[in-house]
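The values are calculated or read from the model by the stated rules, or taken from the named source; none is laboratory data. Keep in mind it's a predicted model, so treat the numbers as computed, not measured. With ideal geometry, Cβ positions are generated from the backbone for all residues, glycine too; neighbour counts draw on all protein chains shown. Accessible surface is based on the protein model in full, side chains and every heavy atom, while ligands, DNA and RNA are left aside. Shrake-Rupley method; radii C 1.70, N 1.55, O 1.52, S 1.80 Å.
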Amino acid sequence: MAQFNTGIVGIFSVVLLFACLCLFIELKFTKFCIFCHSGNKNFLLLPDIDCKKNPPFLVILVTTEYWQLQARTAIRQSWGKERIIGDKRIVSFFLLGTLERQNKSAETRIISESLKYKDIIQKNFIDTYYNLTLKTLMGVDWVHHFCPQSSFVMKTDTDMFINTFYLTELLVRKNRTTNFFTGSIKSKDHPIRNKVSKWYISEIEYPGEWYPPFCSGTGYVFSTDVANQIYIISPSVPYFKLEDVYVGLCLDKLRIPLEELHSENTFFPSKVKFSICRFRKIVTCHHVQPSEILMYWNALQSSQDEECIGAGPAE
Ligand SMILES: *[C@@H]1O[C@H](CO)[C@@H](O)[C@H](O)[C@H]1NC(C)=O
Ligand SMILES: *[C@@H]1O[C@H](CO)[C@@H](O)[C@H](O)[C@H]1NC(C)=O
Ligand SMILES: *[C@@H]1O[C@H](CO)[C@@H](O)[C@H](O)[C@H]1NC(C)=O
């Protein structure tokens, strides 16, 4: 009888242990948290989007500085406006740091801009050129925590023109879902050792002769799983102030290759002279003024039915 009892107790203990283990695994993998509420993770401002309910196809993250309101306005009215292309939803958000010198009136304006458009992501770091890596990592952090359900992420800048229609078409055609990273590829770039350059890098900051392959920070696109991978690897990649190179260093460590989106060049890290036929076949163009963003966008929209006869590829 006693032997029978210990047998029962033994089986019961095993079952109980198993149940506890299951519960633990379940809690761990659903990221369920009893004692912590899903906090803001140090974000000062967050956009209004529920990616779980209605996941976007593409999230465009636009680095911006406080004073570039005119450009943000132009982007909101053109390529950055939320829209559905085919059946794919495209949304854009702005990445912002904090002002170097405290300025209550400027801070109030940012908060009201955020309340009005609900498209600003902000954390508490000083918004300077050499903190651009922090800004990009903030975007990656946001995607990881708030929008891992999206399919693709683009990181670009405020002085850019983005043809979201063509980009979406090419991404759909490419039919990639994971481990995908594309843009204007710089496969063999080296640190600039000239001290007067904006991109000067000392031997201490980067002793190597070559950078790993990276995509120009003017505009690159990646499958959302890559954001999650960068988020996880970045604490073990030493900070480097050139954000596009830094992302290249992360990708190198993750062994994620850079790939062309299309057989023709579509990501232009420089200015491209505008023509409707040319701009239909580009993804990015750099150095555009807010007025040009609107002009180009409106010209493309109003000429949708016109054909480009004999138009060659964009150069
Ligand atoms: C604070 O911001 C306002 C609004 O943008 C600007 O006009 C003003 O010059 C700024 N003040 C300082 C001290 O930077
Ligand atoms: C970057 O931001 C941090 C946090 O606000 C600040 O301490 C640091 O001075 C900034 N770095 C540069 C180069 O501006
Ligand atoms: C897209 O890729 C998947 C596999 O990853 C394949 O099953 C599917 O047929 C592809 N679709 C198109 C339209 O090429």
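So, of the residues in the range 49-68 that are among the aliphatic types (A, V, I, L, M) and assigned to a strand (DSSP E or B), which turns out to be farthest from ASP225 (Cα to Cα)? Filtering first and then ranking leaves VAL62.
For the range 97-107, taking the residues that are open to solvent by less than 90 Å² (accessible area, probe 1.4 Å) and assigned to a helix (DSSP H, G or I), the one that is farthest from ligand 3 (Cβ to nearest atom) is identified as SER105.
Across the range 188-208, not a single residue is classified as open to solvent by less than 70 Å² (accessible area, probe 1.4 Å), of a type in the set (Asp, Glu) and within 20 Å of the chain's Cα centre (by Cα). Candidates in the range 171-209 are the residues that are touching a strand residue (DSSP E or B) at 6+ places or on another chain (Cβ under 9 Å) and in a helix (DSSP H, G or I); of these, the one that is nearest to PHE279 (Cα to Cα) is LEU171.
Within the range 74-109, count every residue that is more than 16 Å from ligand 2 (Cβ to nearest atom) and not small (Gly, Ala, Ser). The qualifying residues number 19. Note on the range 111-135: among residues that are more than 13 Å from ligand 2 (Cβ to nearest atom) and buried (at least 20 other Cβ atoms within 10 Å of the Cβ), the one that is nearest to PRO238 (Cα to Cα) is ILE121. Any residue in the range 147-161 that is within 16 Å of ligand 3 (Cβ to nearest atom) and part of a helix (DSSP H, G or I)? No, the range 147-161 contains no residue that is within 16 Å of ligand 3 (Cβ to nearest atom) and part of a helix (DSSP H, G or I). Any residue at all in the range 157-180 that is away from ligand 1 (no atom under 16 Å from the Cβ), within 12 Å of the chain's Cα centre (by Cα) and open to solvent by 10 Å² or more (accessible area, probe 1.4 Å)? Yes - at least one qualifying residue is present in the range 157-180.
Here the range 84-109 is the region considered, the condition is being among the aliphatic types (A, V, I, L, M) and within 18 Å of GLN68 (Cα to Cα), and the residue that is nearest to ligand 1 (Cβ to nearest atom) is ALA106.
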